[in-house]
């Protein structure tokens, strides 16, 4: 293929040259430096260790907020790019940048890490615990911000180590099995991606003579059909395991279930998004043709995940495993949104990654609160908790309703955008996925009834189930506020996501269907021509009579986009 | 003044916000008064806006108020805004009016409940959601209200969550509703694909480009949503179980307002139904059959509230029969009058349940009319209204429905007329068993199965309730008696409701042209049916309290629909889920993973024997070599 319009859009980013402060580099280095600092502190200085961890993660949140403040809405390319040559002969560089796709994943991570530290810190050996969590934060943020593929890979792999040690060091009974399974499964899958990366760079070098790992450059590599598919599969292997996508998910119930609370929160909240983020950034950015060819396969896996995850979740006896399977279902929605390749579904998927991070983190924190009081995750051993802990039950209810997609709370908006966008190109997949909405209500409400409703059976010597403490409420408050705020008024977030998503959709369309002229194609248009016929006819009619609001904004949106390219 | 419309939903929302944060501090009864005041204020605003709208010329009675963009991406935009037109204002007026009365009633009814403030918190939230449902200017915002009322219904059915049947009923209601909601959602996707918009006015203006198959699909999928929400066949069993909630909830949510949301939705999409007569026929037939099944089931119930629940199912069926016949005005007319008399009957039954110390079995009652005259007389008015005895409201509204059904096909009229006869009969049975005849209770009888155990051991002295509860009974009885006069046949000048709604629903799908003589004939037949039902009930139930032949088990079990669905759907899917989790997931999907791991370990151990050293070093070398090798091959393929 020739260099698409995508390359210029990406490279025309607002480079970090003018910026006085390297925000993005700081996002990675502050937690990493703090991790080292914590390692240097004496083991007994528990208070100082906790304070340092908290201060560092809050500092990251502050920097992330500054990034949000500096971020220019309405612009699709990378912003605040900071570029430093690293291993120059091999073309490897420390290149960080942020766009609408990664911005809110960074913010979400920056919120979840202090929440996890405050709400689920370890009693034993807080020093190593805090250090590992901070190290994990650096690695996660580095993954979301890397524009260099190899840098991404290093960060992506670096996340495994802290999680492995968090599970082994602070996990539950079967932690050894769970940690090993998690590590080997994801590590093995990543090996495929490394092969893919190296191959892609070789191919690119053969074509241009330039050795580079910069995704903006690699996006214009010309790939034959076979190589495209094989490379796509090698990248997707790593992402599908990480997300996880059915049927590569079986490590996740074990890992989520056996992790300490902070591990579950961060695994499901942040690290799962590394997989789906990888799909949108690298699969869609680098292999658009293969994405279009293999989309039906991945859509099918996504839909199976939605239904299958819901069905298996329904019969779980362990609350954490239930949430693990519900996560499989929710990530199925995200995968569906990604491979439906419409502006609506992709924006919804990006938003849903953030939403899922927030409510799943809240769910795991709530489950940890139950565990702290009752010492069990087993649903049959819990009953009637609402009587003595109405506030805890109420918060659980709100989070649960967000997760089953009740409008007014954050889960709905993402799901609705995903499904209505998917319906445009892959109608029957969207219809099947909608069935997941019913299943989700069934398994969650059933679990809620068994845990919270009914009369608690008094057990001799056991204190009544204690209400949420102020400290616990304070930890959950930001998450609940976000759940409501993103449900009622997500538009400011979407306004920042959509330009990047629209640019990506355009890129995919042009590479996959190079014959379609740019001018005639709506920015967020759909791939299958048949689906847009009904609407386009009405569009022309409406425009003929002077048009109306939504169409007018669309037209101007296209114009500005055109001007930029 | 029309610009004040935004206050209509905002006032109950503000009430919710205050009660949510300060409810416990306000306590009993202040929390209840605050909630009531907010809804009453909302009613006042509604009336003001209503009058302002009425003063406009009929063609200009449509006004959109856009608030903000809720969300948007690609070419999808969903706004938050309200549509003020005769239909939405009619809905808002009766919702806020009936809600105010039921709020007031609840102050008395929930007086002894520990969770008093919480009850009113939910109730205000419900009214907000219900108003958003009917006032929204687009499908998605209506869906927000639609789900919102569903969630509040879940909270309120399971309000006494320590009782297992209440908890189960709440969950069941939500899941049944969700089945319908899936249909609603797919309809939304289809609407968006075909018209590129969700706004009612825009969508309706683009229907010409949609194509008939899609229109039929949209109509039937939205109807699936309505079937869930409005308890039609086959998704009605949840409504009977929902009676486990407090009685004011049954009156407000499960009789007057929420369950009529499906009817509202069908009336709102009347431009679509105009173009899809086949879908309209399906709606009419589902409605008629539901009316019959509900009415027959109500004949054999012994729980005072379950009689009313199945009666509601039946009456909702009538409303869909009207919608399917293209008689939207008749549907709205019946919805209004039904809200009056059914709310009245539920509140009256709540008064009885209080008087009987939480016993709900009508076989244990009798002779209460003399002890509770206000309840007795208002309940009688409710009975005559629902039965269709002239000149009570039900006579006019049900007559309107049946007449339109005849115009579609006489078969529908026959089903409707038989159900009407049964309606007069089953309510008569309830009235006689509860209020007349001999007392089948004693003053010393202990509480049967009550949540309010503090009254255990007290004697039973049935009496009319406090004024909080009596006043709503009297107001609703007045409305139930006189409500029919808003839409009288006989003369074009008397059809007030029809002329008011005309800008929204337009000309009926099937114009009914009956001469004045035919109208009179219909009226006489309707009256005769009602009076026959009343007389049959009187002759059967005046003297006896048990007639097993007239209370067959299959009617008591509501045609075994609930049990059938439980056996064939719920249990099958639970078994399937267990199989999936224990066999497919553990043995196959995860088994494969552990299998691969096992083989790797086995070969690793063989390797270890050959070489002494760290396996991981070899493994690393292996991976590195593999990477370069595969990369090389790929490059050859790629270039």
Report summary line: Note on residue B:254: of the conditions (1) more than 14 Å from chain A (Cβ to nearest Cβ); (2) over 13 Å from the mean Cα position of the chain (by Cα), unmet is (2)
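When you look at residue B:201, is it out of contact with any helix residue (DSSP H, G or I) (no Cβ under 6 Å at 6 or more places or on another chain) and more than 10 Å from chain A (Cβ to nearest Cβ), yes or no?
Against the criterion (out of contact with any helix residue (DSSP H, G or I) (no Cβ under 6 Å at 6 or more places or on another chain) and more than 10 Å from chain A (Cβ to nearest Cβ)), residue B:201 qualifies.
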Query raised in the report: Does segment A:455-478 hold any residues that are over 14 Å from residue A:392 (Cα atoms) and modelled with pLDDT of 90 or more, and which are they?
Result: A:478
Query raised in the report: With (1) farther than 18 Å from residue B:150 by Cα; (2) within 14 Å of chain B (Cβ to nearest Cβ); (3) surrounded by fewer than 24 Cβ atoms within 10 Å (Cβ to Cβ); (4) touching a helix residue (DSSP H, G or I) at 6+ places or on another chain (Cβ under 7 Å) as the list, and residue A:352 as the residue in question, which single condition is left unmet?
Result: (3)
Requested in this report: Output the qualifying pairs, or none if there are none: Cβ atoms under 7 angstrom, residues six or more apart or on different chains, first residue in segment A:308-322 and within 11 Å of chain B (Cβ to nearest Cβ) and over 21 Å from residue A:178 (Cα atoms), second residue at pLDDT below 95 and in a loop (DSSP other than H, G, I, E, B).
Outcome: A:308/A:246
Report task. Report yes if residue B:239 is part of a helix (DSSP H, G or I), within 7 Å of chain A (Cβ to nearest Cβ) and in contact (Cβ under 8 Å) with a residue 12 or more places away in the chain, otherwise no. Result -> no
Report summary line: The condition of being under 19 Å from the mean Cα position of the chain (by Cα) and surrounded by fewer than 24 Cβ atoms within 10 Å (Cβ to Cβ) holds, among A:227, A:189, A:243, only for A:189
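Listed here are the residues, each with its yes/no results for (1) loosely packed, with under 12 Cβ neighbours inside 10 Å; (2) under 15 Å from residue B:112 (Cα atoms); (3) at pLDDT 80 or above.
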site	(1), (2), (3)
B:435	no, no, yes
B:438	yes, no, yes
B:441	no, no, yes
B:448	no, no, no
B:453	yes, yes, no
B:463	no, no, yes
B:468	no, yes, yes
Report task. Mind listing whichever residues of segment B:150-161 are at the interface with chain A (Cβ under 7 Å from one of its Cβ atoms) and free of Cβ contacts under 8 Å to residues at least 40 places away in the same chain? Result -> B:151, B:161
Report task. Say whether the condition of being over 29 Å from the mean Cα position of the chain (by Cα) and surrounded by fewer than 20 Cβ atoms within 10 Å (Cβ to Cβ) is met by at least one residue in segment A:470-480. Result -> yes
Query raised in the report: Just to be sure, is residue B:81 surrounded by 18 or more Cβ atoms within 10 Å (Cβ to Cβ) and closer than 23 Å to residue B:477 by Cα?
Result: no
Query raised in the report: Before we move on, is residue B:211 on the phi > 0 side of the Ramachandran plot and within 11 Å of another protein chain (Cβ to nearest Cβ)?
Result: yes
Query raised in the report: Any chance segment B:31-46 includes a residue that's more than 27 Å from the chain's Cα centre (by Cα), over 24 Å from residue B:201 (Cα atoms) and more than 14 Å from every other protein chain (Cβ to nearest Cβ)?
Result: no
Query raised in the report: Would it be correct to say that residue B:317 is over 14 Å from residue B:247 (Cα atoms), free of Cβ contacts under 8 Å to residues at least 60 places away in the same chain and assigned to a helix (DSSP H, G or I)?
Result: no
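Considering B:187, B:219, which residue is more than 10 Å from chain A (Cβ to nearest Cβ) and touching a residue at least 60 places away in the same chain (Cβ under 8 Å)?
Within the list B:187, B:219, the selection yields B:219.
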Requested in this report: Name the one entry in B:637, B:593, B:627 that is facing chain A (nearest Cβ under 10 Å), in a helix (DSSP H, G or I) and modelled with pLDDT under 65.
Outcome: B:637
Report task. Being under 24 Å from residue A:504 (Cβ atoms) and either touching a helix residue (DSSP H, G or I) at 6+ places or on another chain (Cβ under 6 Å) or free of Cβ contacts under 8 Å to residues at least 24 places away in the same chain (or both) is the filter here, so list the residues in segment A:79-94 that pass it. Result -> A:80, A:81, A:82
Query raised in the report: Looking at segment B:294-304, is at least one residue under 29 Å from residue B:553 (Cβ atoms), touching a residue at least 24 places away in the same chain (Cβ under 8 Å) and touching a strand residue (DSSP E or B) at 6+ places or on another chain (Cβ under 7 Å)?
Result: yes
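Return the residue satisfying two criteria in turn: it lies in segment B:57-76 and is in contact (Cβ under 8 Å) with a residue 24 or more places away in the chain and in contact with a strand residue (DSSP E or B) (Cβ under 9 Å, 6 or more places away or on another chain), and of such residues it is farthest from the other protein chains (Cβ to nearest Cβ).
Among those that are in contact (Cβ under 8 Å) with a residue 24 or more places away in the chain and in contact with a strand residue (DSSP E or B) (Cβ under 9 Å, 6 or more places away or on another chain), it is B:61.
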Report task. Hey, can you tell me all the residues within segment A:428-461 that are assigned to a helix (DSSP H, G or I), farther than 21 Å from residue A:322 by Cα and free of Cβ contacts under 8 Å to residues at least 12 places away in the same chain? Result -> A:428, A:431
Requested in this report: Among the residues of segment A:81-105, write down those that are touching a strand residue (DSSP E or B) at 6+ places or on another chain (Cβ under 7 Å) and surrounded by fewer than 24 Cβ atoms within 10 Å (Cβ to Cβ).
Outcome: A:81, A:82, A:83, A:84, A:85, A:86, A:92, A:93, A:94
Requested in this report: Please go through segment B:48-91 and pick out each residue that is in a helix (DSSP H, G or I), out of contact with any helix residue (DSSP H, G or I) (no Cβ under 7 Å at 6 or more places or on another chain) and at pLDDT 90 or above.
Outcome: B:51, B:54
Query raised in the report: If you check residue A:416 against the conditions, is it at the interface with chain B (Cβ under 10 Å from one of its Cβ atoms) and in contact (Cβ under 8 Å) with a residue 60 or more places away in the chain?
Result: yes
Report summary line: When restricted to A:392, A:424, A:417, the only residue in contact with a strand residue (DSSP E or B) (Cβ under 9 Å, 6 or more places away or on another chain) and part of a helix (DSSP H, G or I) is A:417
Report summary line: Within segment B:25-35, the residues that are under 11 Å from residue B:120 (Cα atoms) and touching a residue at least 40 places away in the same chain (Cβ under 8 Å) are B:27, B:28, B:29, B:31, B:32, B:33, B:34, B:35
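The values are calculated or read from the model by the stated rules, or taken from the named source; none is laboratory data. The structure presented is a predicted model; accordingly, all values stated were derived computationally and were not measured. Ideal geometry is used to build each Cβ from the backbone, glycine not excepted, and the neighbour counts take in all protein chains shown.
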